[in-house]
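Colleague: First, the structure itself, so that you have it in front of you.
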Amino acid sequence: MLNKIILTLSLFACSLNLLAGEIKVNENAPKTHLVVKGDTLWDISALFLEQPWLWPKLWRLNPEINNPHLIYPGDIIRLVFDEKGEPMLVLESSNVKANYKWSPKVRQKRKTDTAIRLLPLEVISPLIKYDHLFSAEELEQLPYVIGSDEGYKSSIDGFKVYVNKELALAKTYAIYNKGEEIFDPESSDSLGFYVDLVATGQALSTGNQDQKEPATLKISTAKREIRAGDFVVPVHDGQMFPSVFNMKAADKSLRGAIIKASSKGREFGKLEVVVINRGTDHQVTVGDVMAIKRLSPGVVDTSTGPEYTKETSLWNRLLTTDGSDYKMPEEPLGELMVFKVYQQASMALILRTEKPARLEDVVTAP
């Protein structure tokens, strides 16, 4: 049965900032859209708007239908303009099916299923990495693996490892390796260690720290090799996410950069997880939408004409104060959404890119 698509009330809990700004319709926006199973409000809004985060302006209540926020697979929605020239979506035709009884009455059959939401957790949960950022001070306080029952490294299930501190009996723990230290490219300050999930396991014995008796973990899932020194953390610490991400435009003053990708590559695209060098200290919150931008290559004028700074001679570069004769623009190339926030950094999911994003690409308010 086709999914019933009901926008949840959580979608309306938006800040006034979300409604601010002039709405701009895409030049190639379709006049109509056939709603299909799996559509999200972000997907549909992005078809029509240059700024999908301004979706409330597009999905306004209007007198033509009882509630334009109740749409179903098979429904057709149309882009129209009101008397002020403002765009909005209306329901052109409905896929609500009628059931006829042996009487003059007609009743509409209610469709049962989940709501269409702005960005449901189940849509992106397979893409969210259970990686983490820990400061050096936090790592010093964490329990860690000291060895195993076999006396060697292992990446198999059912393996037993020993931990230097007491654990809660029968509780499930995640095991992380230390990973690389990440530095802010602007300040050179350490933002913490990017730790990778290695395995999960259940505590078979609590251990006794006073007697120097280690706790025992039985490995239930091993992703990669478990080593002495790997850190042990309760499995859900830092991994609880909202069921629905209510997106909003990031603060106008925000400016940062992409500093790492979970794929460990230098270029990455839609639905990849990246780290940016902005966090709670910079008023970043879960659900913030940011634009990804890139500074166009510098250009210098030479005796033979304009040349790219990176391709011209050292002499020509020395003739300019900042490596370019022109103030080159920053061009937008996509958007991302923050789903996990730390003090000075955040993890985000890339929602859209016109071209591959790169390390050190700029992130700003959209």
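The values are calculated or read from the model by the stated rules, or taken from the named source; none is laboratory data. Computed from a prediction, not measured in an experiment: that's the story for all the values here. When we count neighbours, we look across all protein chains shown, and the Cβ atoms used for this are built from the backbone with ideal geometry, even at glycine.
Colleague: Please specify each residue of segment 189-226 satisfying the condition of being touching a helix residue (DSSP H, G or I) at 6+ places or on another chain (Cβ under 9 Å) and crowded, with 18+ Cβ neighbours inside 10 Å. Let's see the steps before the verdict.
Modeller: As a first pass, look at segment 189-226 and keep what is touching a helix residue (DSSP H, G or I) at 6+ places or on another chain (Cβ under 9 Å): 190, 192-193, 195.
Answer for segment 189-226, where residues must be touching a helix residue (DSSP H, G or I) at 6+ places or on another chain (Cβ under 9 Å) and crowded, with 18+ Cβ neighbours inside 10 Å: Gly192, Phe193, Val195.
Colleague: Now, a different point. Name the pairs: first residue in segment 295-324 and farther than 30 Å from Gly256 by Cβ and in the same structural domain as Arg255 (by TED's automatic domain parsing), second residue modelled with pLDDT under 80 and crowded, with 16+ Cβ neighbours inside 10 Å, Cβ to Cβ under 6 Å, at least 6 apart or on different chains?
Modeller: Pairs that qualify, where the first residue is farther than 30 Å from Gly256 by Cβ and in the same structural domain as Arg255 (by TED's automatic domain parsing) and the partner is modelled with pLDDT under 80 and crowded, with 16+ Cβ neighbours inside 10 Å, are Asp301/Asp325; Thr302/Asn316.
Colleague: Hey, does segment 165-176 have a residue that's assigned to a loop (DSSP other than H, G, I, E, B) and β-branched (Val, Ile, Thr)? Walk me through it before giving the result.
Modeller: Going through segment 165-176, the residues assigned to a loop (DSSP other than H, G, I, E, B) turn out to be 165-171.
If we keep only those that are β-branched (Val, Ile, Thr) as well, we get none.
No, segment 165-176 has no match at all.
Colleague: Something else about it: Within segment 168-188, count every residue that is under 17 Å from Gly229 (Cβ atoms) and surrounded by 14 or more Cβ atoms within 10 Å (Cβ to Cβ). Before the answer, list the steps.
Modeller: Pass one, segment 168-188, residues under 17 Å from Gly229 (Cβ atoms): 173-181.
Then keep just the ones that are surrounded by 14 or more Cβ atoms within 10 Å (Cβ to Cβ); that gives 173-179.
Residues that pass the stated criteria total 7.
Colleague: Which members of segment 209-229 meet the condition of being touching a Ser or Thr at 6+ places or on another chain (Cβ under 9 Å) and among the polar types (S, T, N, Q)?
Modeller: Thr216, Ser220, Thr221
Colleague: Name the residue, out of Glu137, Glu122, that is out of contact with any Cys (no Cβ under 9 Å at 6 or more places or on another chain), among the charged types (D, E, K, R), at pLDDT below 75 and not in a strand (DSSP E or B).
Modeller: Working: Glu137 fails: at pLDDT below 75.
Only one candidate passes the filter, namely Glu122.
Colleague: Let me ask you something else. Taking strands (runs of 3 or more DSSP E) that fall entirely within segment 297-366, which contain at least 2 residues that are at pLDDT below 85?
Modeller: Values: elements: 299-302, 305-308, 330-341, 346-353, 362-364.
Here the list reads 299-302, 305-308.
Colleague: Also: Any residue that is surrounded by 15 or more Cβ atoms within 10 Å (Cβ to Cβ), modelled with pLDDT of 90 or more and in a loop (DSSP other than H, G, I, E, B) - is there at least one of those in segment 143-161?
Modeller: Yes: segment 143-161 contains one or more residues that are surrounded by 15 or more Cβ atoms within 10 Å (Cβ to Cβ), modelled with pLDDT of 90 or more and in a loop (DSSP other than H, G, I, E, B).
Colleague: Suppose the filter is more than 30 Å from the chain's Cα centre (by Cα) and within 30 Å of Gln343 (Cα to Cα); does Ala203 pass it? So that I can check it myself, show each step before the final result.
Modeller: Values: more than 30 Å from the chain's Cα centre (by Cα): yes; within 30 Å of Gln343 (Cα to Cα): no.
So Ala203 fails the test.
Colleague: Output the number of the condition that Pro104 fails; it satisfies all remaining conditions of (1) at pLDDT below 60; (2) closer than 30 Å to Thr32 by Cβ; (3) part of a loop (DSSP other than H, G, I, E, B).
Modeller: (2)
Colleague: Considering only segment 167-213, state which residues are among the acidic types (Asp, Glu) and under 15 Å from Gly147 (Cα atoms).
Modeller: Glu213, the sole residue that qualifies.
Colleague: Enumerate the pairs (first residue in segment 341-366 and more than 15 Å from Ser262 (Cβ to Cβ); second residue anywhere and part of a loop (DSSP other than H, G, I, E, B) and among the basic types (Lys, Arg)) with beta-carbon separation below 8 Å, excluding pairs fewer than 6 apart on the same chain, so at least 6 apart or on different chains.
Modeller: Pairs found: Gln344/Arg278; Leu351/Lys270; Arg352/Lys270; Thr353/Lys270; Val363/Arg278; Ala365/Lys252.
Colleague: Next question. Just checking, how many residues over segment 37-78 are at pLDDT 80 or above and farther than 27 Å from Ala250 by Cα?
Modeller: Going through segment 37-78 one residue at a time, the tally reaches 3.
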